[in-house]
Amino acid sequence: MSEIQSEIQSEKQADPAVPTTPAVRFADFGLSPDILRALSDQGYVHPTPIQAEAIPVVLQGRDVMGAAQTGTGKTAGFSLPIIQLLLAHANNSASPARHPVRALILTPTRELADQVAENVKAYCRHTPLRSTVVFGGVDIAPQTAALRSGIEIVIATPGRLLDHVQQKTLNLSQTQILVMDEADRMLDMGFLPDLQRIINLLPKERQNLMFSATFSGEIKKLASTFLRNPVTIEVARSNATADNVTQTMYHVNEQAKAEAVSYIIRERNLKQVIVFSNTKIGASKLARHLENEGVKASAIHGDKTQNERMAALEAFKQGEIEVLVATDVAARGLDIAELPCVINFDLPYNAEDYVHRIGRTGRAGASGDAISLYADKDERLLVDIEKMIKHKFVRAELTGFVAKPSSGERERSGRGAEGRSDRGSDRSGGDRGGEGRGAPSGRSLQHTRSAYTSTPTSPSRREKIDPWFLKPYEPALEPEAAASNVAPTGGAIKPPKVKLAALLGGLPKRQ
Ligand code: AMP
C-alpha cells in the first residue's frame, strides 16, 4: 500500500471523529517516527484539542493540571509525550536494571487501568520501552514476573501498587513522571492515604500530571500540594456535561422503572446501551428483568469477579450483549466507542456521577442520548444535578408507556444489605480484590412507599464511608492466608477523621 493510500485508510479508521484539530498533525510535535507509526496504526492523524494542548507542554517537562471530560483523548494526551520523553532511556538490554520504572500512571479502577495500559502498549509498540498494568482482583504472580523483568511505564491502581512495593517487586525511586488520571474519582473512592504513601516513595524531582473530569475544592487542594507551577489545560467547562448529548428526564413511578427501561429499549430499538443502577442488587435484578423480556443483558458490578466483568464488557463490545447494567464504580472508565445511549435507571446520589455517566455516550465527538428515569422521591437528586450542570430539565412523561400491574417483585427486592450501594460497602473491595477502596456509599433514599428501601432514613448528602476503607494500608495476604481470611464485619473500627490538609501537610516541599 502506498503512503498516501495508507494515510487515507488511516483517516478512515479514525472516523469515530473525536473532535480533532485538523490544522495540526501529530507529526508537528516532533514525536519520534516510532510513535508516529504507532499512531498511524491506530488511524490517528490529527490530535484532539486536549492532545494539541497537552503534548507540547508535557514535552517541555512542565506539570499539568488537566480538566478533561471523558472521551476527549486525554490518554494519548499524556501518554504520547511521556513515551517521547522516555525514549531517551529506551534500550534493548536484557538486564532488568536497565529498565527501571520511569513513569507511573495511577487510575482509580481496574477497568480504566487496563484501558490506559492498552493504549500505552499500542503507542509503545515500535519502541523498546516496556509497559505493564497492575491492579487487584487478579493473580499477583504474572504482575510480579513482569515487574521483575524491568518495566519503564507502570499503569496501576493504588492498592495493588502498594502491595508490589511492600513485596519489593517494584521500586519507584527512579520514577520521573507521575500521572494521576481521574483524580477526582480517586479522592471520591478514598484513595487519598494511598496516594500520599505513593507520592512519598517517589523522587522529589519529578514531573506531575493530574487529570480530572471535575474540579472540586478538594481536587484543587490536592493539586496545589503536589503540582509545581502547573499549566492548566481545560478543554471543556468543568462540571459541565458533553454538549453533544441529548438529555431527557422521564417521570416514572418507582415500581414501574424496570418496565420503563425495557419499553424504552424496545421503542428506540436500542442495541448498545449502558443502564446505570445505584445498587449491585438493583443492577442484577434489572438485568434479569430485561433478559426475561427478551433483551440480551448482563450486569457488571463489584460482586462480579474481574474475569466476569471483563467477559461481560467484551461481549458488550462485540454486540453479543445489548444492554450492560452497571453500577457507577464498575462503569467508571469504560471506553466504549460511539455508545449511542445511556439510561439512568436510578438518578445518582452524587450529582457528579451524572456527569460521568452521561459521559459514556457522546464520546469521541459522536452524538448521544442520556435518558434518566426519576420518581417523585428523586426530586432532590434531580435538583442537585440541575445545580451542578446549570441546566433545568423539562420533566417529561414517557408517552405511550403503560405499566403492568405490580407483580410485587420489586417489593421483595433490594432490602437491607442486599440493596446496598456498589460503593464502600463491598468488603471484598479495594483495588486489590473488588471495587474502589473508599467510595462513599450512596445515601439511602428517603421515601415512604418505594420498594427499594424498607426503612426510611434521613437523607444525608453522602453516607458514612465504610470504615474498612479507612483502615491503614496492609500488605496483601499470601493466597493461602487470604483464602482462610473471613472478612470482618467492620462495625468495630472507628473511621479516623482524615483531613485532606493534614494528610498532605507531610508532603516534602519541592525545591
Ligand atoms: P480517551 O478520552 O483517552 O479515553 O479517548 C477517547 C477515544 O478517542 C478513545 O477511543 C481513543 O482511542 C480515541 N482517540 C484518542 N485520540 C484520538 C485521535 N487523535 N484521533 C482519533 N481518535 C482518538
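Rule-based calculations on the coordinates, nothing more; no lab input. All values derive from a computational prediction rather than experimental measurement. With ideal geometry, Cβ positions are generated from the backbone for all residues, glycine too; neighbour counts draw on all protein chains shown.
The Kirkwood hydrodynamic radius of the stretch 217-308, based on inverse pair distances between different Cα atoms, is 17.0 Å.
As a rough guide to protection, the peptides 339-346, 143-150, 323-330 ranked by mean Cβ packing within 10 Å, highest first, stand as 323-330, 339-346, 143-150. Each residue of the stretch 270-315 gets 71 Å³ once the volume of the Cα convex hull is shared out per residue. Label-to-label distance, Asn269 versus Glu386, with points set 7 angstrom from Cα along the beta-carbon direction: 3.5 nm.
Sorted on the mean count of surrounding Cβ atoms within 10 Å across their residues, most packed first, peptides 105-116, 219-230 read 105-116, 219-230.
Overall size of the stretch 30-69 from C-alpha positions, given as principal axis extents largest first: 29, 23, 10 Å. With R₀ set to 30 Å, the beta-carbon distance separating Lys404 from Thr246 gives a calculated FRET efficiency near 0.60. Mind scanning Lys257/Lys296; Lys121/Lys317; Lys168/Lys220; Lys296/Lys392; Lys221/Lys317 and naming the pairs with a C-alpha gap bigger than 26 Å? Result: Lys168/Lys220; Lys296/Lys392; Lys221/Lys317 exceed 26 Å. Kirkwood's formula applied to the C-alpha pairs of the stretch 245-397 gives a hydrodynamic radius of 15.2 angstrom.
Sorted from longest to shortest, the spans of the Cα atoms of the stretch 3-234 along the three principal axes equal 51, 46, 32 Å. Using 7 Å Cα-to-Cβ label points, what is the Asn91/Asn292 separation (nm, one decimal)? Calculated label separation equals 6.4 nm. For the stretch 245-397, averaging the sequence separation of C-alpha pairs within contact (under 8 Å, six or more residues apart) and dividing by the residue count gives a relative contact order of 34 percent. The local environment of Ala103, defined by Cβ-Cβ distances under 13 Å, has a net charge of +1 under the rule Lys, Arg +1 and Asp, Glu -1.
For the stretch 3-234, the Cβ-based charge dipole about the Cα centre amounts to some 800 debye (Lys, Arg positive; Asp, Glu negative; other atoms uncharged). Looking at the stretch 18-145, the pairs of alpha carbons with a distance over 19 Å make up 51% of the total.
The GluC sites (Glu not before Pro) of the stretch 190-283 that meet both conditions, a loop assignment by DSSP and at most 16 other Cβ atoms within 10 Å of the site Cβ, are Glu205.
Computed from the C-beta positions of Gln166 and Met310 and an R0 of 30 Å, the FRET efficiency is 0.70 to the nearest 0.05.
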